[in-house]
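Structure, as structure tokens:
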Amino acid sequence: MAEELSCTPTLDGLMSYEGAVERLVAAVRRLDDRERVTLRDGLGRVLAEPVVSTIDVPRWDYSAMDGYVLRAADFDGPGSTLAVSQRLPAGVAPQPLAGGTAARIFTGAPIPDGADTVVMQEVCTATADAVRIDTGIVAGDNVRRRGEDIAAGTEIIAAGTRLDPQHLGLAASVGCAELTVWRRPRVAVFASGDELVMPGEPLAPGQIYNSNLFTAGGLLRTLGCEVIELGIVEDTLDATKTALADAATRADLVFASGGVSVGEEDHVKPAIEALGTLDMWKIAIRPGKPVAFGHIDGTPFIGSPGNPVSLFVTFLLFVRPFLLCLQGRDDWRLQPMQVVADFDWPRPDKRREFQRARLTIDTAGIARAAVHPSRSSGVLSSVTWANGLVVIPEGRAMRRGDTVAFLPFCELLR
């Protein structure tokens, strides 16, 4: 199926960004395991079945404010005085309203039978057992009608929705105590490189700390995955094959950083080709040209470059849509903002660039994006300085003041 897609290579045999995403998404086999969770455990999960209300919300007509409830037909104009026949706080079932009277009512309290209008207390003068209404009224004022928020039988949260706090509150408002969600995707992750050392261990000459395992693990957990950490894999073909074969038996997706280029110490590509199939390799983007996608005995594999910025960017661009589709979400497409470039870009690349950028709002209320001064994909601090990526099209020079597409991290990391 993937071979039939319109993934025509671009310059130098590289696949286009759109073609790469299209191929990844088309290859997804959505999870088919569901589970029931309580509302407390639903945050960040993805609904497998829609939530349908079994009740009207509100369940009765109620008062929108503190005041007095009456029948509009009993009102004779400003200065009308009515006896107060009952007091209605929220949570109390009212008695039918006696003709020619009003009831003291509070926000959220049900409207009694026979009444149709609430007058706010600020325009009323109360005595011991009566109330004078000092202004005109309109029938139906300040009454919230039964079912005006939600009618019984209405689908209120669609399947495929990632549950945010407001979704949990909405489900609770209709009495839903449990939700049917997709199982969390299991993702096995490892980093390749003999130079890597885990944080907390001493560094020998030529060694660096393994940041990629923690960046990848954090990204995966942020997107609702169960992470299987396989640690550091030494730079040999046999070790890489063993790690990949083991990971494929334990996970819905295998994700690896490093080893996907063509150097003598890059073993992921030949290992994938020996164990399964490699469907995609080089993408016409910067940073992150080498992105491997394939299958190991039916289990999908995605490999990112080992440079930490390249890992971060390629994860957001390629792993994120794959994982969202895997969980049944349909909101994986990027929705860039159009902002003002606060930088010059005089030397365009042949590849599409996704540069680290910081969005700010100037004193005139205009959104402006500045890029990090370093283009190095080894400067991990740049992605904490940034709050998003700017997209610079292939071959395009930019000047300060031009319009540029901006992808905020707050949207990409959910």
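Could you work out [θ]222 nm for the chain from helices alone, using -39500 (n - 2.57) per DSSP H run of at least four and dividing by all its residues? Round to the nearest 500 deg cm²/dmol. Please report the intermediate quantities before stating the final value.
Details: 9 runs with 73 residues, N = 414.
The per-residue figure over the chain is -5000 deg cm²/dmol.
How large is the charge dipole for the chain, taken about the Cα centre, if only the Cβ atoms of Lys, Arg (+1) and Asp, Glu (-1) carry charge, to the nearest 20 debye?
On the way: 41 positive and 52 negative charges, 113 e Å.
Roughly 540 debye for the chain.
Over segment 285-344, all Cα pairs binned in 10 Å intervals from 0 give whole-percent P(r) values of 19, 39, 33, 7, 2, listed from short to long.
About its Cα centre, how strong a charge dipole does segment 337-412 have in debye, to the nearest 20, once Lys and Arg get +1 and Asp and Glu get -1 at the Cβ? If you can, show how the numbers build up before the last one.
Details: 11 positive and 8 negative charges, 50 e Å.
Around 240 debye, computed over segment 337-412.
Between GLY77, GLY193, GLY153, the residue with the greatest mean-square fluctuation in the GNM of the chain (Cα pairs under 10 Å linked by springs) is GLY77.
Among VAL25, VAL119, VAL189, the residue with the largest mean-square fluctuation in a Gaussian network model of the chain, with springs joining Cα atoms closer than 10 Å, is VAL119. From the Kirkwood radius over Cα pairs of segment 102-168, Stokes-Einstein at 25 °C and 0.890 mPa s returns a whole-number translational diffusion coefficient of 159 µm²/s.
Principal axis extents of the Cα atoms in the chain, from largest to smallest and rounded to whole angstrom, are 94, 50, 50. Of the trypsin sites (Lys or Arg not before Pro) found in segment 316-408, those in coil by DSSP whose Cβ has at most 16 other Cβ atoms within 10 Å are ARG333, LYS350, ARG375, ARG396, ARG399, ARG400.
Taking 1.306 mPa s as the viscosity and 10 °C as the temperature, the Stokes-Einstein diffusion coefficient of segment 62-144 based on its alpha-carbon Kirkwood radius rounds to 132 µm²/s. Summary of the geometry: segment 50-75 and segment 366-396, compared by the centres of their Cα atoms, lie 52 Å apart. Entry for segment 235-320 at q = 0.12, 0.16 Å⁻¹: log10 I(q)/I(0) = -0.30, -0.53, Debye formula applied to identical alpha-carbon scatterers, no solvent contribution. Size descriptors for segment 369-412, from the alpha-carbon set: Rg then Dmax equal 11.3, 28 Å. Once a ≥ b ≥ c are taken as the square roots of the eigenvalues of the Cα gyration tensor of segment 337-412, is the result rounded (a/c under 1.5), prolate (a/b larger than b/c) or oblate (a/b not larger than b/c)? Verdict is oblate for segment 337-412. Approximating the spin labels as points 7 Å out from Cα along Cα→Cβ, the MET120-to-ARG396 distance works out to 5.0 nm. Pick from GLY365, GLY303, GLY401: which residue has the top mean-square fluctuation in a GNM of the chain where Cα pairs under 10 Å get a spring? Looking only at GLY365, GLY303, GLY401, the biggest GNM fluctuation is shown by GLY365.
Readers should treat all values here as calculations from the given coordinates under stated rules, not as data from a laboratory. Just so it is clear, the structure is predicted and the values come from calculations on it, not from any experiment. With ideal geometry, Cβ positions are generated from the backbone for all residues, glycine too; neighbour counts draw on all protein chains shown.
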